[in-house]
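Written below as structure tokens is the structure these notes are about.
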Amino acid sequence: MITREDCVARDAADPLGRLRARFHLPPGVVYLDGNSLGPLPVSVPERVRAVVHEEWGTGLVRSWNDAGWWDAPRRAGDRIARLVGAHPGEVVVCDSTSVNLYKLLTAALRLRSDRKIVLTETGNFPTDLYIAGSAAAQHGAEVRAVDTGELHGALDGSVAVLLLTHVNYRTGEMHDLPELSASAHRAGALVLWDLAHSTGAVPVDLNGAGADLAVGCGYKYLNGGPGAPAFLFVASRWHDALDQPLTGWHGHAHPFAMAPRYEPAPGISRTLTGTPPILSLAALDAALDVFDEVTMADLRAKSVALCELLVALADERVPDVRVVSPRAAERRGSQVCLAHPEAHAIIQALVARGVIGDYREPEILRFGLAPLFVGFADVWDAVDHLVAVLATGEWSRPEFRRRSTVT
Ligand SMILES: *Cc1c(COP(=O)(O)O)cnc(C)c1O
């Protein structure tokens, strides 16, 4: 039997435990939803204040040069590059994940214009499927969405690009990124990875895997704040050939020449479109500071330990739920999902108790275990509340049956 004391002792011995103090976590809250919206890093309000008052308020338009606003997307990109196995100059922060998917998917279809299939899986995140549908239609191509087990078999000479999300948002299942990248290349296809549920929690080695393209999210495990700008990666070997569709002036070789004709910038800058959201970028940049102090290997080790604890406690204490996430750590991201027919009401009851996870269709209780700020006792407390919610039937109260817009 695992006791709360065991968990408290593990927290005390945890070398990453000190990093929790870098986040504003309201008292009494166990936050297991950092994979949906990362919490507020304590460094962010002061950084944003300084950018608002000093750089914007006093520096005014001069700050594009003097405060380094112009290069901010590339600077933040270089910091993220380290987390995903990319070289400096291969990652840039811009737009949303959805928009970046559109830009890179279209660029991939142009690079492989003799092929007409975007291969993905049926369980991919909806925005990926929707964007793939419209990008493909614009190129007379189509989306082939198959079940996970059929991906290898579906990789044939018609596939222009394999589009996959590394860690599945619903189940936490993690693809073998190097293996699928190699498989796509053997078929002559490009590969585009969505790292929304990986970056900042799961080590990724894009160049080690020979990946071509990737996108990722700023507001999940990177804690950049609601609507934080996203990022994209293009392997340097594609920089010269890459032809993306949203050719705005920030992607121009000489933006201030104000030339009537578009000429793509060299390097990753050609993926940019318009003016970056400087205030949001400042928040994301401040949020990235904490990653300078940790290795992805240490974060991963803690994430695996937290996930294993949750699975063990669920097995031991909550027989009414089924563990949906893979049990093998190497096939799982940084979340554990449990299935129960009343999952939606159960999550509401947990949130009312201060245990914040979320619900995903059709019957999934989703718990994100962000290793920067979640502790072992948090996991124990969350399961203890879950046991109580089920034992008392608390979830069946009418207020927990109402559905909000955002689940
Ligand atoms: C969160 C998430 C997104 C988010 O896209 P936005 O454009 O930021 O809304 C995209 N893809 C996946 C797989 C995600 O998990």
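Among residues of the range 242-263 that are touching a residue at least 60 places away in the same chain (Cβ under 8 Å) and within 26 Å of L109 (Cα to Cα), those with a beta-carbon under 9 Å from a residue that is charged (D, E, K, R) and surrounded by fewer than 16 Cβ atoms within 10 Å (Cβ to Cβ) at least six positions away or on a different chain give the pairs L242/R110; D243/R110; Q244/R110; P245/R110.
Scanning the range 84-134 for residues that are of a type in the set (V, I, T) and either away from the ligand (no atom under 12 Å from the Cβ) or over 21 Å from the mean Cα position of the chain (by Cα) (or both) yields V84, V91, V92, V93, T106, I117, V118, T122. Of the set (1) part of a loop (DSSP other than H, G, I, E, B); (2) in contact with a Phe, Trp or Tyr (Cβ under 9 Å, 6 or more places away or on another chain); (3) more than 29 Å from P45 (Cα to Cα), all apply to L310 but (1). What are the residues in the range 180-226 that are in a helix (DSSP H, G or I) and within 12 Å of the ligand (Cβ to nearest atom), if any? Residues satisfying the conditions do not exist here. Checked against (1) surrounded by fewer than 16 Cβ atoms within 10 Å (Cβ to Cβ); (2) free of Cβ contacts under 8 Å to residues at least 12 places away in the same chain; (3) of a type outside the set (K, R); (4) in a helix (DSSP H, G or I), T405 passes all but a single condition, namely (4). From the list A305, A301, A257, A283, the one residue that fits, being within 28 Å of R49 (Cβ to Cβ) and among the aliphatic types (A, V, I, L, M), is A283.
Results for (1) surrounded by 23 or more Cβ atoms within 10 Å (Cβ to Cβ); (2) of a type in the set (D, E, K, R); (3) within 25 Å of P226 (Cβ to Cβ); (4) touching a residue at least 40 places away in the same chain (Cβ under 8 Å), shown as yes or no for each residue.
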position: T97; (1), (2), (3), (4): yes, no, yes, yes
position: R110; (1), (2), (3), (4): no, yes, no, yes
position: F125; (1), (2), (3), (4): no, no, yes, yes
position: A137; (1), (2), (3), (4): no, no, no, no
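Taking the range 80-179 and the helices (runs of 4 or more DSSP H) fully enclosed by it, the elements with 1 or more residues that are under 22 Å from T247 (Cβ atoms) are at 97-111, 126-138.
List the pairs whose first member sits in the range 302-314 and is among the charged types (D, E, K, R), whose second member is surrounded by fewer than 21 Cβ atoms within 10 Å (Cβ to Cβ), and whose Cβ atoms are under 6 Å apart, counting only residues at least 6 apart or on separate chains? Short answer, once both residue conditions are applied: K302/L16.
Considering each residue of the range 41-66, count those that are in contact with a helix residue (DSSP H, G or I) (Cβ under 7 Å, 6 or more places away or on another chain) and under 22 Å from F291 (Cβ atoms), and give that number. The number of residues fulfilling the criteria is 7.
All of the numbers you see were taken from the coordinates with simple rules; none came from a lab. Because the structure is a prediction, the values reported are computed rather than measured. Note: ideal-geometry Cβ built from the backbone for every residue, glycine included; neighbour counts use all protein chains shown.
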